[in-house]
Each structure stands twice: as structure tokens, then as C-alpha cells.
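Undergrad: For reference, the structure I am asking about is given below.
The values are calculated or read from the model by the stated rules, or taken from the named source; none is laboratory data. Because the structure is predicted, anything quoted here is derived from the model rather than measured. For neighbour counting, all protein chains shown are included, and Cβ atoms are generated from backbone atoms with ideal geometry for every residue, glycine included.
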Amino acid sequence: MTVLSVDEYKAQGNAFFKAEEYDRAADMYTKGLACPDCSIAAVLFTNRAAVNMKREQYGAVISDCDNAIATDPRAPKAYYRRGLAHAALLSFKEAAADFKMLMAIKPNDAKSRSLFENAQKEYKRRKFEAALRVETVSFFKALDLANFTETIPELDLAPGAPVTLDYIKALLDFFRADDRTLPMRHILQLLTRLRETLMTETNLVDLHIPAEAMATAGPRRVLSVFGDFHGQWYDLANAIGRVGFPSTEHRMVFLGDYVDRGSWGVPVFLTIAAMKLFAPKSVIMLRGNHETNDMNTMFGLKAEITQRYHEKLSQGLSEVFAHLPLACLATVGDVDRTFCVHGGLPAPTTKLSAINAFSRTTQPPSSGVFTDLLWADPSPAPGRTPSSRGTSFQFGPDVARQFMEGNRITQVLRAHQMVEAGYKHEFPQGPKLTTVFSAPKYCDFNNNKGAVAFYTGESTGVEFLQYEAVPHPQRPLPMMAANPLAALLQQNK
Ligand SMILES: [Mn+2]
């Protein structure tokens, strides 16, 4: 292997960064930092922070910037990136402190001042809101369907009338045609029913596909498992077109992160909701870390609602999100006990029964089983190590093995991370744990494929369907309008 000079590692890292090959860019900067004569450590740390910003690993951005600042206490880009990462983690007080330093370093820079003022404003606003927080009347009590008269006849659900396959097709046609905004009346009808259905489910849902059902199905799909869609409705519609609709024979598990980032979070969530209402026992909708108030404020859903829907819808969706179950145990053909979850695994000694032992109808706490299920990531490093996201942990193959053996789980399917091929086997030496990501060309600036995990009646193990992104109308990303800090995060500048 050729050993490069520090400057060559930097140049190569920058070239990979420009080519959007972020893992290889980070690798070059890391190698540069390991050089014994490294004289540009602050630059390399700051550049690696930019890579981690792209990878949405805000905890890692902060630690890289900490290191850069320790080497060069007046490195403006380090304060800038650390400030943005703090904002992404909703630590606006820390963000404001970083932007204040930036102002001190660049006294006549208007942009630094505006960053500081925005962070401080957001910090004060949140403090004020927290102080005012009182029991609010449920969205479902406060809003009367009779006040919303605009209807689309083929989408009007009379009380007691079931959601049919024709309804789902009409809903898909509606969203597809001219990128239309669904009237509140129909949103309320769907959300009211979805909330009631979700209330009957436990935190950990059982989904049993007996061997006889596999034999009867033959080459047809019996189970499809979808990862993040993040508001990419056109890609969701494409994926459904490829795998088919749900039915009593074709079960579906959605691993969460329906909203934020993309421009069509509300349509993604409502389309999946309609499929669940059509086949409630066959379609399982899990909660992702983006089905939470903090994420929705910063990453776009709230802005999407402000731009296109009734302002109160934020509260309504928040209430429904809080009823989404947190994990699913799918027994496929009486053999594969597949644990489905958005993020990852909790502490290795956790029993499955512990997942049902708390109330989920809140925002996730700062740590514990609830938070690990939504936020944790796998890592080749053994044990539980600090997460580069700043929330929950990374867990190694040893942790996964212990948790899986202790609960007789044969396989884990999780989402939460963009992967180039749309799916990725995280532990080549075992145990079987696979990331599934269903949003191709994520955020319109990555080059990844999307994938859906599936079993047919003839599958001897999980299979994957990969697909490319499909065209979508041009609509400014809602995050750009959320606030100036969110806009910078979206651009990853
Ligand atoms: Mn996620």
C-alpha cells in the first residue's frame, strides 16, 4: 500500500468529498491525521466534520470540531460546523455560543451574526414554549369534521364504510395528479381511524406467517419490509407498484421515518395509513426517530404542514405518531424469527417482554429501551459505544448476538441509515442484521438505490428488491423554509 503525504491525503479526501464518496473521503482524512508529521490536523478534522455532516452524524461532527478547535482555537469553519451540528441536535444554546465565537473571529461577517441571532432566537422560543406547556385538548376533540366541507367524492369515507383497494388506488391517483393537497376532511377521516387502530396494538407487534401460508402462496410475496421513505412519495408509489398491494396473504412492515427531509411527508404517511386501514392485521407501521416533535420542527414536516395544510395538523400527526408501535416480531414460515425495528437494539440482556413494559404514547426519553429502538446503529466495534449521532448507542455484533440469542431471534431487519445498495448486511461474520433503506437518491443529492426486503412462499431466506429513484415534481424542500439553520443543514454546507 502506498503511503501518501499529509497534503496528498487531504487532496484525495477533498476529491472524494467532491465526488460524494463520503466514506472514502473520511478514510483519507483519518489517514492524514494518523501521519506522524501531521501539521494540518485542524484542517483535516474540520474537513472530516463536513463529511460527517453529510452522513447526518452530528455527534461525530461535534467531536471532530472539538479536536480542530483544540489544535487551532480560531478555526472559523470548526465553530461554524459545530454550531450547525448543535442546532441539528436541538442544542441551540451551544449553537449560539459557537456562532458567537464565529462573530468574534470574523467581526464584519453578516452571515455569522444572522446565525447567532437565529440560534439564540430558537433557544429562547423553546425555553418559552416549555414554560408555557399545558395539557392541550386533543386534536381529535378540538377539530370538528363538519367544519371541513371541501371533499373529493371518491375519497369521502362515510362513517363505518371500509377503506377498500379502490380507495387506495384513488388516493394514489389523487396524490400523483398535479401534486395535489388532500383536503383536511379526508386527512381527519384517515387519522381518526388510524389512531383508533393503533391504540389496539402493543409496543411489540407479533406477525405470524405459518408454514402452510407459505406453501399456499408459492411464488407470491407473503411479506414486504420497507425502510425510510422520508417524504419521497413518488418513490413510495413506485415501490408499491413493484411489490403489489397488501392483503391478508401479503403482509407489510414499515420501519418508520415516513416524514421529514422530503417534500411529501404527509402523503407518504397517509398512503401507508390507508393501506393499514385496508388490511389492519397485515400492515404494521412502526415509529421511527423522525415521528417525533423535535425532529419534525427541525427537519421539515412542520414546515410542510405550514406551507400546505391546516396548522393544527402538526398536533394531530404528533398524537398519531405517539401511538405507532416500536417493533415487530415476524415469524416467517415458523422458522425465521425476524425482529423488525427502525433504529437498533437495546442493551444485550434486554428481554422482548421489556419492550411491552412501558407506555409509548410520549416523546422518546433521552435514553433507554424506547430510545435505542428508534435511534441505535450497528457498528463493527464490539460492545455498546457512543453514537456518532449524539443519541443512543452504536452496538457491535457481540451485543446483537447476545440480544438475539437471549430472545431466540434469528434475524434483524432495521432501517435508519442510508446505504448505497438500499440494503446492507451489517455483520458479515454474523449475526444476521440487515439495514433496509427505501428512499433512493435520498434528499436528491445521494446516489443510493432504494430497496424492499421480502419473502415469497418459496423464499428460504430474506430477499431484496432494489430500485432507482423515479422523477418527481420540483418543489422546494420544506426544510429550507423551516428556519435559516435548518436550511443550512439541508444544504449541508
Ligand atoms: Mn431514522
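Undergrad: From the list Ala400, Ala415, Ala421, pick out the single residue that is under 24 Å from the mean Cα position of the chain (by Cα), within 19 Å of Trp375 (Cβ to Cβ) and either away from the ligand (no atom under 16 Å from the Cβ) or not assigned by TED's automatic domain parsing to the domain that holds Ser224 (or both).
TA: Of the residues listed, the single one that is under 24 Å from the mean Cα position of the chain (by Cα), within 19 Å of Trp375 (Cβ to Cβ) and either away from the ligand (no atom under 16 Å from the Cβ) or not assigned by TED's automatic domain parsing to the domain that holds Ser224 (or both) is Ala400.
Undergrad: If you take the residues of segment 340-376 that are outside any loop (DSSP other than H, G, I, E, B) and within 16 Å of the ligand (Cβ to nearest atom), which of them is surrounded by the fewest Cβ atoms within 10 Å (Cβ to Cβ)?
TA: Thr371
Undergrad: Okay, moving on. Checking the conditions here, which among Gly231, Gly227 is within 16 Å of the ligand (Cβ to nearest atom) and either touching a helix residue (DSSP H, G or I) at 6+ places or on another chain (Cβ under 9 Å) or basic (Lys, Arg) (or both)?
TA: Gly231
Undergrad: Could you check segment 61-95 and list, in sequence order, the residues that are of a type outside the set (Asp, Glu), under 28 Å from the mean Cα position of the chain (by Cα) and farther than 18 Å from Arg113 by Cβ?
TA: Val61, Ile62, Ser63, Cys65, Ala78, Ala85, Ala88, Leu89, Leu90, Ser91, listed by residue number.
Undergrad: For Phe393, state whether it is within 20 Å of Lys54 (Cα to Cα), in the same structural domain as Ala237 (by TED's automatic domain parsing) and crowded, with 23+ Cβ neighbours inside 10 Å.
TA: yes
Undergrad: Report the residue count in segment 432-447 for those that are polar (S, T, N, Q) and more than 27 Å from Thr410 (Cβ to Cβ).
TA: Total satisfying the criteria: 2.
Undergrad: Where in segment 377-493 are the helices (runs of 4 or more DSSP H), entirely inside, with at least 1 residues that are modelled with pLDDT of 95 or more?
TA: The helices (runs of 4 or more DSSP H) meeting that bar are 397-406.
Undergrad: Checking the structure you have, find out if any residue of segment 290-313 is among the hydroxyl-bearing types (Ser, Thr, Tyr), within 20 Å of the chain's Cα centre (by Cα), modelled with pLDDT of 95 or more and assigned by TED's automatic domain parsing to the domain that holds His208.
TA: Yes, segment 290-313 contains at least one residue that is among the hydroxyl-bearing types (Ser, Thr, Tyr), within 20 Å of the chain's Cα centre (by Cα), modelled with pLDDT of 95 or more and assigned by TED's automatic domain parsing to the domain that holds His208.
Undergrad: Under 8 Å by Cβ, and 6 or more places apart or on different chains, what pairs join a residue from segment 248-259 that is in the same structural domain as Leu326 (by TED's automatic domain parsing) and touching a residue at least 40 places away in the same chain (Cβ under 8 Å) with one that is charged (D, E, K, R) and within 11 Å of the ligand (Cβ to nearest atom)?
TA: Leu255/Asp228; Leu255/Arg414; Gly256/Asp228; Gly256/Arg287; Gly256/Glu291; Asp257/Asp228; Asp257/Glu291; Val259/Glu291
Undergrad: Additional query: Could you check, for segment 278-301, whether at least one of its residues is within 16 Å of the ligand (Cβ to nearest atom), part of a loop (DSSP other than H, G, I, E, B) and β-branched (Val, Ile, Thr)?
TA: Among the residues of segment 278-301, at least one is within 16 Å of the ligand (Cβ to nearest atom), part of a loop (DSSP other than H, G, I, E, B) and β-branched (Val, Ile, Thr), which makes the answer yes.
Undergrad: Could I ask something else about it? Does Leu155 qualify as being modelled with pLDDT under 90 and buried (at least 18 other Cβ atoms within 10 Å of the Cβ)?
TA: Spelling it out, it is not the case that Leu155 is modelled with pLDDT under 90 and buried (at least 18 other Cβ atoms within 10 Å of the Cβ).
Undergrad: Now, a different point. So how many residues does segment 326-339 have that are assigned to a loop (DSSP other than H, G, I, E, B), more than 16 Å from the ligand (Cβ to nearest atom), buried (at least 16 other Cβ atoms within 10 Å of the Cβ) and on the phi < 0 side of the Ramachandran plot?
TA: 0
Undergrad: Give segment 256-285 a look and list any residue that's crowded, with 23+ Cβ neighbours inside 10 Å, under 30 Å from Asn483 (Cβ atoms) and in contact with a strand residue (DSSP E or B) (Cβ under 6 Å, 6 or more places away or on another chain), or say none.
TA: Asp257, Met285
Undergrad: Can you list the helices (runs of 4 or more DSSP H) lying wholly within segment 60-179 that have 2 or more residues being not assigned by TED's automatic domain parsing to the domain that holds Phe299?
TA: Filter on segment 60-179 gives 76-88, 92-105, 110-132, 139-142.
Undergrad: One residue is enough: does segment 307-318 have a residue meeting the conditions under 27 Å from Pro210 (Cβ atoms), more than 16 Å from the ligand (Cβ to nearest atom) and crowded, with 22+ Cβ neighbours inside 10 Å?
TA: Within segment 307-318 (the criterion being under 27 Å from Pro210 (Cβ atoms), more than 16 Å from the ligand (Cβ to nearest atom) and crowded, with 22+ Cβ neighbours inside 10 Å), the answer is no, since none of the residues qualifies.
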